[in-house]
1. Restricted to region 1-35, and to residues that are of a type in the set (A, V, I, L, M), assigned to a helix (DSSP H, G or I) and under 27 Å from Val109 (Cα atoms), which residue is nearest to the chain's Cα centre (by Cα)?
2. I need every pair where a residue in region 70-97 that is among the basic types (Lys, Arg) has its Cβ under 6 Å from the Cβ of a residue that is surrounded by fewer than 19 Cβ atoms within 10 Å (Cβ to Cβ) and assigned to a loop (DSSP other than H, G, I, E, B), sequence separation at least 6 or different chains.
3. Looking at Leu74, Leu58, which is the one that is under 28 Å from Phe186 (Cβ atoms), hydrophobic (A, V, I, L, M, F, W, C) and touching a His at 6+ places or on another chain (Cβ under 9 Å)?
4. Every residue in region 169-180 that is in a helix (DSSP H, G or I) and loosely packed, with under 15 Cβ neighbours inside 10 Å, please.
5. If the requirement is being among the β-branched types (Val, Ile, Thr) and in contact (Cβ under 8 Å) with a residue 24 or more places away in the chain, which of these qualifies: Ile168, Ile189?
6. Pick from Thr183, Thr191: which is β-branched (Val, Ile, Thr) and surrounded by 14 or more Cβ atoms within 10 Å (Cβ to Cβ)?
7. For the condition touching a residue at least 24 places away in the same chain (Cβ under 8 Å), within 24 Å of Gln17 (Cα to Cα) and either surrounded by 13 or more Cβ atoms within 10 Å (Cβ to Cβ) or out of contact with any Pro (no Cβ under 8 Å at 6 or more places or on another chain) (or both), what is the one hit in Glu127, Glu158, Glu110, Glu142?
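Readers should treat all values here as calculations from the given coordinates under stated rules, not as data from a laboratory. Here the structure is a predicted model, which is why all the values come from computation and not from measurement. Here the Cβ is made from the backbone with ideal geometry for all residues, glycine too, and neighbour counts use every protein chain on show.
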Amino acid sequence: MSKGIKTKETILNTALQLTSKFGLESLSIGELAKSVGMSKSGLFGHFKSKEKLQIMVLDYAAENFTQQVIIPALKKPRGLPRLEAMMMNWKKWSGSYMTGGCPFLSSIVEYDDRPGNVRDHVKLLQETMIGSFERALRVSNEENQIRSNVDIKQAGYEIYANMIAYHIYSRLLGDKNSDKMFTANFDKIITSIKV
């Protein structure tokens, strides 16, 4: 790995940790430069704008999500086993990867009603993630693991809602039963759509 790539990796990792704790909007080139021990102009040279930095931080988090959640799940059999693996991998990723909250969840709240490139990128990343769950459900249908009349969009909604609830109950509320509730609710969703 070249020095430039390693520096950018360090910057993005630090930026992600700051975003996880304080939100994407609060991320500033000045504070980030201080955190990584660079000059503001040196760091600005890597990104050119705060908006580009924010988008690259989201992409960095999305790449980590893909590596930790999606790719390991692909080793499981197609359909429901793969979807279940995604959920268990996500729960582990959500609890161990970030020192603060989920950068995707905070960026949704920050940018859901603010037009612009960052909002468009947040939306794209969410559609991609939700699409991966819906694809697993469609494959489950093809594999005759779920009923043919299942509303894939509704099932995807319920699965994603369960993920958001887990995040709130485990992190904000500190509910010790959040793991059990997450698994029980996911099992209930799958049981309701199985053949």
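1. Within region 1-35, the first condition is being of a type in the set (A, V, I, L, M), and the residues that meet it are 1, 5, 11-12, 15-16, 18, 24, 27, 29, 32-33.
Still in the running and assigned to a helix (DSSP H, G or I): 5, 11-12, 15-16, 18, 29, 32-33.
Right, trim to under 27 Å from Val109 (Cα atoms) and you get 11-12, 15-16, 18, 29, 32-33.
Working: Ile11: 19, Leu12: 16, Ala15: 16, Leu16: 12, Leu18: 16, Ile29: 23, Leu32: 22, Ala33: 25 Å.
Per the criteria, the residue is Leu16.
2. Sorted first by the residue in region 70-97, then by its partner, the pairs are Arg78/Glu143; Arg82/Lys76.
3. Values: Leu74 fails: touching a His at 6+ places or on another chain (Cβ under 9 Å).
So the residue among Leu74, Leu58 that is under 28 Å from Phe186 (Cβ atoms), hydrophobic (A, V, I, L, M, F, W, C) and touching a His at 6+ places or on another chain (Cβ under 9 Å) is Leu58.
4. Just the residues of region 169-180 that are in a helix (DSSP H, G or I), to begin with: 169-172, 178-180.
Across region 169-180, the qualifying residues are Leu172, Asp179, Lys180.
5. Step by step, each of Ile168, Ile189 is checked, and only Ile189 is among the β-branched types (Val, Ile, Thr) and in contact (Cβ under 8 Å) with a residue 24 or more places away in the chain.
6. Details: Thr191 fails: surrounded by 14 or more Cβ atoms within 10 Å (Cβ to Cβ).
Of Thr183, Thr191, the one residue that is β-branched (Val, Ile, Thr) and surrounded by 14 or more Cβ atoms within 10 Å (Cβ to Cβ) is Thr183.
7. On the way: Glu127 fails: touching a residue at least 24 places away in the same chain (Cβ under 8 Å); Glu158 fails: within 24 Å of Gln17 (Cα to Cα); Glu142 fails: within 24 Å of Gln17 (Cα to Cα).
Of the residues listed, the single one that is touching a residue at least 24 places away in the same chain (Cβ under 8 Å), within 24 Å of Gln17 (Cα to Cα) and either surrounded by 13 or more Cβ atoms within 10 Å (Cβ to Cβ) or out of contact with any Pro (no Cβ under 8 Å at 6 or more places or on another chain) (or both) is Glu110.
Yes or no, residue by residue, for (1) more than 30 Å from Glu143 (Cα to Cα); (2) touching a Lys or Arg at 6+ places or on another chain (Cβ under 9 Å); (3) not polar (S, T, N, Q):
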site: Leu27; (1), (2), (3): yes, yes, yes
site: Ser41; (1), (2), (3): yes, no, no
site: Ser49; (1), (2), (3): yes, no, no
site: Phe65; (1), (2), (3): no, no, yes
site: Ile70; (1), (2), (3): no, no, yes
site: Leu80; (1), (2), (3): no, yes, yes
